[in-house]
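The values are calculated or read from the model by the stated rules, or taken from the named source; none is laboratory data. Keep in mind it's a predicted model, so treat the numbers as computed, not measured. When we count neighbours, we look across all protein chains shown, and the Cβ atoms used for this are built from the backbone with ideal geometry, even at glycine.
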Amino acid sequence: MSQREQWGSRVGFILAAVGSAIGLGNIWRFPYMAYENGGGAFLIPYIFAMLTAGIPFMILEFGLGHKFRGSAPKTFAAINPKWEWLGWMQVFVAAVIAVYYVAVIGWSISYTGFAVTQAWGDAPKDFFFGQYLGLSSSPFDMGGMQTTVLLSVVLAWAITWVCLVSGVRAGIERAGKVLMPTLFILLLVMIARVVTLDGAMNGLNWLFKPDFSALTNYKVWVAAYGQIFFTLSIGFAIMIAYSSYLPKKADINNNACMTVFINCGFSMSAGVMIFAVLGYMAAQQGVGVKEVVSSGVGLAFITLPTAINLMPMPALFGTLFFLALTTAGISSHISIVEACISAFMDKLGWERKRAASILCGGGLVISLVFCTGAGLYILDIVDHFINNFGIMGAAVIEIFFITWLCNLEVVREHVNRYSEFYVGAVWSACLRYLTVPMLVFLLISNFVGDLKVLYGGYSLSSIISYGWVVFAGTVVLGVFLQTRRSAPDFVSTLKNPL
Ligand code: PHE
Ligand code: NA
């Protein structure tokens, strides 16, 4: 039996966990969510969700991975063999995210190159949808393979693969130690650059101008809770896998809090940077900030390039921005693929090299779908369903299982053992009585919303095949893997573990 790999240092672990948490979502989702949901007032539900769900759940996941020293399937199987499927469901949710997230990293890589000469020209929107993505007419009309997208996606997979075959310490940890400081410096330089631009303060005003009436709207609270799980990478096998490599005497509670605070601090700083740019753009075009905000893909690949065109020294800011996006994306991608690799290593007894190569190779093949003319549509649908049902569903089942059906006291003692500060009844209560009902409510309201209106105006058949079928697939595959034979090390020898 070979020894499980281990992080080389505490800083190394935290940077890796932070690398997972800080991703594309912090840069293009948070600012827009805050803007949409009451501006400055959004911070109240957001911080509430962070304190009552984010931190407690992060502590729980770190504690589980650390206690059972296994990937998500191994951890849940050790707690109760009947629950192995939940770990696999999370792994497959992660796998689905891995194959489309990498496409966006690919775009960032391409755009880092484009930024040098503003290759997107005077009409960034036409460039992005037309020349670059070759967007087709519908999700079933694949059109041709886009060569530039394809090459960038291959490069992104190659970087992830190199880091992952090298192992926890020599690969993942080292990548975090290079990528995270680079990202922080990039963001600081960008902030310093943009806050002095004309109109920047006006943009910040828009972001932080509180609209307290938003607090009475339940949708704002739902948005805050929804954002917190995705942004912290909790509930889909990642943090359990990462904490399974912690040394015995690790300060779980403190590590969890640091990871959460650094992620949320980064989100706010990214919000400042983005809205300063939007404020400048609005001033240059003589319109209101409201006129220029957009979300997600549109924000990063259309609005920002448009703003960059208006800036002094556009190549400099453009390169910094897309380099930052790439850096944030790669470190998250590494974590999500590692969640899958560690599961297959545990279950089937595969070597790391083999697991990394098979999964990255297979992932690349599936990612090709996102390099076609229909890529953006499919990505949009898959992302919506995996976020709203996959992540939320797997997270609520996990929290419910552990806090209602298992002995949470054992976890509590475990996480407190080497920690500087202790968690107690408030921690359990937040998970049990606040987070579980909140997530159930959120799932139901998302579900009802999706039944009422077809997401994004797509056809029913595309919603079913790329949305519901993909989501259902994570559960079906999860159950299937539970029935497969396991490597000897996979089976827990603990008696009554929780
Ligand atoms: N936490 C990431 C983010 O905010 C989400 C994520 C992590 C997505 C890992 C995919 C992989 O972007
Ligand atoms: Na994040």
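How many residues are closer than 30 Å to LYS248 by Cα and not in a loop (DSSP other than H, G, I, E, B) if we restrict to the stretch 414-472?
Matching residues across the stretch 414-472 total 13.
Pairs under 6 Å by beta carbon, first residue closer than 19 Å to MET438 by Cβ in the stretch 30-47, partner within 16 Å of ligand 2 (Cβ to nearest atom) and not charged (D, E, K, R), six or more apart or different chains?
What qualifies is MET33/ALA223; MET33/GLN227; ASN37/ALA223; PHE42/ALA34; PRO45/ALA224; TYR46/ALA224.
Okay, residues lined up against (1) surrounded by fewer than 24 Cβ atoms within 10 Å (Cβ to Cβ); (2) away from ligand 1 (no atom under 13 Å from the Cβ); (3) part of a helix (DSSP H, G or I):
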{"residue": "PHE275", "(1), (2), (3)": "no, yes, yes"}
{"residue": "GLY298", "(1), (2), (3)": "yes, yes, yes"}
{"residue": "GLY318", "(1), (2), (3)": "no, yes, yes"}
{"residue": "PHE322", "(1), (2), (3)": "no, yes, yes"}
{"residue": "HIS333", "(1), (2), (3)": "no, no, yes"}
{"residue": "LYS347", "(1), (2), (3)": "no, yes, yes"}
{"residue": "TRP350", "(1), (2), (3)": "yes, yes, no"}
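Could you check SER20 against (1) within 16 Å of ligand 2 (Cβ to nearest atom); (2) over 30 Å from ASN202 (Cβ atoms); (3) hydroxyl-bearing (Ser, Thr, Tyr); (4) surrounded by fewer than 24 Cβ atoms within 10 Å (Cβ to Cβ) and say which number it fails?
With respect to (1) within 16 Å of ligand 2 (Cβ to nearest atom); (2) over 30 Å from ASN202 (Cβ atoms); (3) hydroxyl-bearing (Ser, Thr, Tyr); (4) surrounded by fewer than 24 Cβ atoms within 10 Å (Cβ to Cβ), SER20 is out only on (4).
So is PRO312 away from ligand 1 (no atom under 13 Å from the Cβ), touching a Phe, Trp or Tyr at 6+ places or on another chain (Cβ under 7 Å) and farther than 30 Å from MET239 by Cα or not?
Taking the combined requirement at face value, the residue does not satisfy it.
Does PHE57 satisfy the criteria of being buried (at least 24 other Cβ atoms within 10 Å of the Cβ), over 27 Å from ARG484 (Cβ atoms) and within 16 Å of ligand 2 (Cβ to nearest atom)?
So PHE57 passes the test.
Among the listed residues VAL289, VAL293, identify the single one that is in contact with a Pro (Cβ under 9 Å, 6 or more places away or on another chain), away from ligand 1 (no atom under 16 Å from the Cβ) and at pLDDT below 95.
The conditions single out VAL293.
Name the pairs: first residue in the stretch 309-332 and farther than 13 Å from ASN26 by Cα, second residue polar (S, T, N, Q) and not in a helix (DSSP H, G or I), Cβ to Cβ under 9 Å, at least 6 apart or on different chains?
Short answer, once both residue conditions are applied: ASN309/GLN118; PRO314/GLN118; ALA315/GLN118; GLY318/GLN118.
If you take just the helices (runs of 4 or more DSSP H) that sit entirely in the stretch 200-251, which of them hold at least 2 residues that are within 14 Å of ligand 2 (Cβ to nearest atom), at pLDDT 90 or above and closer than 18 Å to ASN446 by Cβ?
Once the helices (runs of 4 or more DSSP H) in the stretch 200-251 are filtered for at least 2 residues that are within 14 Å of ligand 2 (Cβ to nearest atom), at pLDDT 90 or above and closer than 18 Å to ASN446 by Cβ, what remains is 218-231.
Out of the residues in the stretch 395-445 meeting the condition of being surrounded by fewer than 19 Cβ atoms within 10 Å (Cβ to Cβ) and among the acidic types (Asp, Glu), tell me which one is farthest from ARG10 (Cα to Cα).
Ranking the candidates gives GLU409 first.
Tell me, which helices (runs of 4 or more DSSP H) wholly within the stretch 1-114 include 3 or more residues that are touching an Asp or Glu at 6+ places or on another chain (Cβ under 9 Å) and within 16 Å of ligand 1 (Cβ to nearest atom)?
Per the criteria, 10-21.
Find all pairs meeting these conditions: Cβ atoms under 7 angstrom apart; at least six residues apart or on different chains; first residue within the stretch 52-69 and on the phi > 0 side of the Ramachandran plot; second residue surrounded by fewer than 24 Cβ atoms within 10 Å (Cβ to Cβ) and not in a helix (DSSP H, G or I).
Between residues of the stretch 52-69 that are on the phi > 0 side of the Ramachandran plot and residues that are surrounded by fewer than 24 Cβ atoms within 10 Å (Cβ to Cβ) and not in a helix (DSSP H, G or I), the close pairs are ARG69/ARG4.
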